[in-house]
């Protein structure tokens, strides 16, 4: 973890109170903290830094171990690496979704936060547009892979062909993506470990329908965003499911209740100040849709339409 990030970090377990974390360094290499702990002086929580990865997920179990989930498995990691980087592997089945999402963002000074960063494509894209882009995800496997890319500038991508038959492609990062301007941490999108008003841009791509409390995610993104001089990109297929969140928590896909109707319309209304849950209000600059793909094996792909809103304040 980059040392410069420490000054921005607070204890996610103490929210809504913002308590600055203290760092204890055991190993450092070229400005990166390779091993150590982040300590909360109030709740006494200890967040480990191991192999350069800071684990700031307040929901981790004993010894920092997460509950088992599909996003920690090799097949899903492979699928997401393909989804993020297949165009760079010159795969004819790839989409250009991440380039299109990145094209919606304006350059700026300061911090960019990519919530639900997965294996990091959008975070790397943002390294060309800001001082520091931080990718956040609660999948340790995803964050380790993204950080390996950051450090080694390349990674072997295993691709399932059929059954137990795999091929391997080598991904190399383009030189314009600056590893000095990128970091990845394990954290919860419902309890972001950043000070209020610390981010000049924020992105939530294909995430809001995967968290148990979608409105809480929006409130956290809003808390971390600057009160002025900020931009926010949210894009999602709005595939609401009881597996991810109780129907009462959905921000769309309902026939009654405060968030009846379509998810994108309700998110836009929230950002625009109706109701006043995300002050100060955001100005809606654009909305649209971007298609993206995910690959299970050589003969199985899923194509998804993700509806986006881009807002400024």
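The values are calculated or read from the model by the stated rules, or taken from the named source; none is laboratory data. This structure is a prediction, so every number in the text was calculated from the model and none was measured. All Cβ positions, glycine included, derive from the backbone under ideal geometry; neighbour counts span all protein chains shown.
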Per-region count, region 186-201, residues assigned to a strand (DSSP E or B) and in contact with a helix residue (DSSP H, G or I) (Cβ under 8 Å, 6 or more places away or on another chain): 6
Can you say whether residue 60 is within 17 Å of residue 148 (Cα to Cα), outside the structural domain of residue 191 (by TED's automatic domain parsing) and either in contact with a strand residue (DSSP E or B) (Cβ under 9 Å, 6 or more places away or on another chain) or part of a strand (DSSP E or B) (or both), as far as the supplied structure shows? no
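Every residue, every condition in (1) modelled with pLDDT under 95; (2) closer than 28 Å to residue 244 by Cβ; (3) surrounded by fewer than 17 Cβ atoms within 10 Å (Cβ to Cβ); (4) touching a strand residue (DSSP E or B) at 6+ places or on another chain (Cβ under 9 Å), yes or no:
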{"site": "29", "(1), (2), (3), (4)": "yes, no, yes, no"}
{"site": "34", "(1), (2), (3), (4)": "no, no, yes, yes"}
{"site": "38", "(1), (2), (3), (4)": "no, no, no, yes"}
{"site": "48", "(1), (2), (3), (4)": "no, yes, no, yes"}
{"site": "73", "(1), (2), (3), (4)": "yes, yes, yes, no"}
{"site": "79", "(1), (2), (3), (4)": "yes, yes, no, yes"}
{"site": "110", "(1), (2), (3), (4)": "no, no, yes, yes"}
Identify, from the list 284, 290, 268, the residue that is more than 20 Å from residue 200 (Cα to Cα), touching a strand residue (DSSP E or B) at 6+ places or on another chain (Cβ under 7 Å) and in contact (Cβ under 8 Å) with a residue 24 or more places away in the chain. 290
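Considering only region 212-228, I want to know if a residue exists there that is in contact (Cβ under 8 Å) with a residue 24 or more places away in the chain, under 20 Å from residue 312 (Cβ atoms) and surrounded by fewer than 14 Cβ atoms within 10 Å (Cβ to Cβ). So that I can check it myself, show each step before the final result.
Step one: list which residues in region 212-228 are in contact (Cβ under 8 Å) with a residue 24 or more places away in the chain, which gives 212-228.
Then keep just the ones that are under 20 Å from residue 312 (Cβ atoms); that gives 217-228.
From what's left, surrounded by fewer than 14 Cβ atoms within 10 Å (Cβ to Cβ): 227-228.
Yes, there is a match, as at least one residue in region 212-228 is in contact (Cβ under 8 Å) with a residue 24 or more places away in the chain, under 20 Å from residue 312 (Cβ atoms) and surrounded by fewer than 14 Cβ atoms within 10 Å (Cβ to Cβ).
Conditions (1) farther than 21 Å from residue 50 by Cα; (2) in contact with a strand residue (DSSP E or B) (Cβ under 6 Å, 6 or more places away or on another chain); (3) not assigned by TED's automatic domain parsing to the domain that holds residue 221, marked per residue:
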position: 160; (1), (2), (3): yes, yes, no
position: 165; (1), (2), (3): yes, no, no
position: 168; (1), (2), (3): yes, yes, no
position: 177; (1), (2), (3): yes, no, no
position: 180; (1), (2), (3): no, no, no
position: 197; (1), (2), (3): yes, no, no
Search region 20-44 for residues being part of a loop (DSSP other than H, G, I, E, B) and in contact with a helix residue (DSSP H, G or I) (Cβ under 9 Å, 6 or more places away or on another chain), and hand back the single one that is nearest to residue 224 (Cα to Cα). 21
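Scan 176, 168 and give me the residue that is part of a strand (DSSP E or B), surrounded by fewer than 18 Cβ atoms within 10 Å (Cβ to Cβ), more than 17 Å from the chain's Cα centre (by Cα) and without any contact (Cβ under 8 Å) to a residue 60 or more places away in the chain.
Details: 176 fails: part of a strand (DSSP E or B).
That would be 168, the only listed residue that is part of a strand (DSSP E or B), surrounded by fewer than 18 Cβ atoms within 10 Å (Cβ to Cβ), more than 17 Å from the chain's Cα centre (by Cα) and without any contact (Cβ under 8 Å) to a residue 60 or more places away in the chain.
Assigned to a strand (DSSP E or B) and touching a helix residue (DSSP H, G or I) at 6+ places or on another chain (Cβ under 8 Å): which single residue out of 234, 218, 278 fits that description? Don't jump to the end; show me each part of the working.
Working: 218 fails: assigned to a strand (DSSP E or B); 278 fails: assigned to a strand (DSSP E or B).
That would be 234, the only listed residue that is assigned to a strand (DSSP E or B) and touching a helix residue (DSSP H, G or I) at 6+ places or on another chain (Cβ under 8 Å).
Restricting region 237-255 to residues that are part of a loop (DSSP other than H, G, I, E, B) and touching a helix residue (DSSP H, G or I) at 6+ places or on another chain (Cβ under 8 Å), which is surrounded by the fewest Cβ atoms within 10 Å (Cβ to Cβ)? Spell out the reasoning first.
Restricting attention to region 237-255, the residues satisfying the condition of being part of a loop (DSSP other than H, G, I, E, B) are 237-246, 250-253, 255.
Still in the list and also touching a helix residue (DSSP H, G or I) at 6+ places or on another chain (Cβ under 8 Å): 238, 240, 245, 250-253.
Numbers: 238: 20, 240: 21, 245: 19, 250: 23, 251: 26, 252: 19, 253: 17.
The qualifying residue surrounded by the fewest Cβ atoms within 10 Å (Cβ to Cβ) is 253.
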All positions within region 8-33 that are under 21 Å from residue 150 (Cα atoms) and under 20 Å from the mean Cα position of the chain (by Cα): 8, 9
